[in-house]
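Colleague: Before I ask anything, let me first share the structure, which is written out below as structure tokens.
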Amino acid sequence: MSILYAALSALMYGAADFCGGMAVRKAPLPSVLAASQAIGLVVALGASLAFGFPLAAPSDLLWGALAGVSGAAGIAALYSALASTVVAVASPLAAVTGAVIPVLLGVAAGERPGAAAWVGIVLGACAIVLLTGGPSRSARGEAVRRAAFLGALAGLGFGMFFFAVSRTSHASGLWPLVAARVATVFLVTLFVVVTRRPVRLSAASVPMVVLSGTLDMSANIAFLLASRSGMLSISAAVAALYPGPTVVLAWIVLREKVTPLRVAGLALALAGVALISA
């Protein structure tokens, strides 16, 4: 079941990113982040109350808060990189780093994936590079270095989010995700207040913001279930294939051109998941 949950989380992470990108086209980025994170909090809190999970222990809530802070730092670094540096460098580095860190931490904690799973993990990392890569020959050296730094920082944040979430106990239910989103909402709100940026959403952006926040939290829930029912190293490697669904949605909805490299990336992603599942 862990592979199924992880694959589902990848699909929803990719769809959430696509919806968030569509929303940013119609509303300021800080407004989209603040609103989508608040919606995610409502989803997590509603699910926790609906399923009747007892309030988690303080240690689980702390792991959840750490996950939230790490995820917020990763998002901030990635969006900063996408806005001001070389996307073709920052995006794949963030995705690969976000996958490698929990794999290494999982192995350090005693997990031992099989040979086929290791081949699948390597194929998945290659798929991420192909799915998110692009031309960058005209970029200046300083921009590339900044993109590499911010991309690695974003990946570190995402990887630590995956790891922190996996450290929570089964008895804690979904409350660690509530704690994670409370921490994220607090940080985003603090940023908006300090920078004095008004939170304004256009009517056209609201559906995409709602979808982005709902899908992102649903993906978090799926990954939490994956990490609790299987190895973190395997779950994180599969969940990190989220650029694939984003590329497919951009092709279907926006009619964006899918290059041969991205087609190869999709094929490698499917092969990697198949090997990991084996």
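Colleague: For residues that are of a type in the set (Val, Ile, Thr) and without any contact (Cβ under 8 Å) to a residue 24 or more places away in the chain, scanning just segment 249-267, find the one that is nearest to residue 99 (Cα to Cα). Spell out the reasoning first.
Modeller: Restricting attention to segment 249-267, the residues satisfying the condition of being of a type in the set (Val, Ile, Thr) are 252-253, 258-259, 263.
Subsequent filtering for residues that are without any contact (Cβ under 8 Å) to a residue 24 or more places away in the chain retains 252, 258-259, 263.
Details: 252: 26, 258: 24, 259: 24, 263: 21 Å.
Among residues in segment 249-267 that are of a type in the set (Val, Ile, Thr) and without any contact (Cβ under 8 Å) to a residue 24 or more places away in the chain, the one nearest to residue 99 (Cα to Cα) is 263.
Colleague: Going residue by residue through segment 209-218, is there one that turns out to be touching a residue at least 40 places away in the same chain (Cβ under 8 Å) and in contact with a Cys (Cβ under 6 Å, 6 or more places away or on another chain)?
Modeller: Checked segment 209-218: at least one residue is touching a residue at least 40 places away in the same chain (Cβ under 8 Å) and in contact with a Cys (Cβ under 6 Å, 6 or more places away or on another chain).
Colleague: While we're on this one: Could you tell me whether any residue of segment 196-210 is β-branched (Val, Ile, Thr), closer than 27 Å to residue 265 by Cβ and modelled with pLDDT of 85 or more?
Modeller: Initial filter on segment 196-210 (β-branched (Val, Ile, Thr)): 199, 206, 209-210.
Right, trim to closer than 27 Å to residue 265 by Cβ and you get none.
Within segment 196-210, none of the residues are β-branched (Val, Ile, Thr), closer than 27 Å to residue 265 by Cβ and modelled with pLDDT of 85 or more.
Colleague: Looking at segment 42-59 only, could you name the residues that are assigned to a helix (DSSP H, G or I) and crowded, with 20+ Cβ neighbours inside 10 Å? Break it down into steps so the answer makes sense when it comes.
Modeller: Taking segment 42-59 as the starting set, the residues that turn out to be assigned to a helix (DSSP H, G or I) are 42-50, 58-59.
Residues satisfying the conditions are 43, 44, 48.
Colleague: Take the residues in segment 1-40 that are farther than 27 Å from residue 272 by Cα and β-branched (Val, Ile, Thr); name whichever of them is surrounded by the most Cβ atoms within 10 Å (Cβ to Cβ).
Modeller: 32
Yes/no matrix, rows are residues, columns are (1) modelled with pLDDT of 90 or more; (2) closer than 19 Å to residue 157 by Cα:
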site: 31; (1), (2): no, no
site: 39; (1), (2): yes, no
site: 42; (1), (2): yes, no
site: 46; (1), (2): yes, no
site: 50; (1), (2): yes, no
site: 74; (1), (2): no, yes
site: 81; (1), (2): no, yes
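Colleague: Only one of 61, 49, 55, 66 is within 18 Å of residue 174 (Cα to Cα), free of Cβ contacts under 8 Å to residues at least 24 places away in the same chain and of a type in the set (A, V, I, L, M). Can you tell me which? Show your work before the answer.
Modeller: Details: 61 fails: free of Cβ contacts under 8 Å to residues at least 24 places away in the same chain; 55 fails: free of Cβ contacts under 8 Å to residues at least 24 places away in the same chain; 66 fails: free of Cβ contacts under 8 Å to residues at least 24 places away in the same chain.
After applying the criteria, what remains is 49.
The values are calculated or read from the model by the stated rules, or taken from the named source; none is laboratory data. Everything numeric in this text was worked out from a predicted model, so none of it was measured. Note: ideal-geometry Cβ built from the backbone for every residue, glycine included; neighbour counts use all protein chains shown.
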